[in-house]
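Asker: Here it is, the structure in full.
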Amino acid sequence: RAVAHGPTCHTGRTSCFGQPETPTLGEVLGELFGVIEARRGERPAGSYTVELLDAG
């Protein structure tokens, strides 16, 4: 049996198989910030985020 001493996948992960890695907190917060900024700019009708932004 071979034992890898580093990443073996083109993505830099240990393996190309199996479950995708859990995103980091920074990645999640970055995506959330992007959604909030999009809501602020687009102001879709019925958006709870827009309601919160308007409330201060």
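Asker: Go through the stretch 33-51 residue by residue and tally those that are assigned to a helix (DSSP H, G or I) and polar (S, T, N, Q). Outline the logic, then answer.
Answerer: Of all residues in the stretch 33-51, those assigned to a helix (DSSP H, G or I) come to 33-42, 48-51.
Still in the list and also polar (S, T, N, Q): 49.
Number of matching residues: 1.
Asker: Being in contact with a helix residue (DSSP H, G or I) (Cβ under 9 Å, 6 or more places away or on another chain), loosely packed, with under 11 Cβ neighbours inside 10 Å and part of a loop (DSSP other than H, G, I, E, B): is that true of P23 here? Full working, then the answer.
Answerer: Numbers: in contact with a helix residue (DSSP H, G or I) (Cβ under 9 Å, 6 or more places away or on another chain): yes; loosely packed, with under 11 Cβ neighbours inside 10 Å: no; part of a loop (DSSP other than H, G, I, E, B): yes.
Taking the combined requirement at face value, the residue does not satisfy it.
Asker: When you go through T14, T49, T8 one by one, which is the residue that is hydroxyl-bearing (S, T, Y), surrounded by 10 or more Cβ atoms within 10 Å (Cβ to Cβ) and within 20 Å of the chain's Cα centre (by Cα)?
Answerer: On the way: T14 fails: within 20 Å of the chain's Cα centre (by Cα); T8 fails: within 20 Å of the chain's Cα centre (by Cα).
Of the residues listed, the single one that is hydroxyl-bearing (S, T, Y), surrounded by 10 or more Cβ atoms within 10 Å (Cβ to Cβ) and within 20 Å of the chain's Cα centre (by Cα) is T49.
Throughout, read-outs are computed from the coordinates displayed, never taken from laboratory work. Given the structure is predicted, the values throughout are model-derived calculations rather than measurements. Note that we place each Cβ from the backbone using ideal geometry, even for glycine, and neighbour counts take in every protein chain shown.
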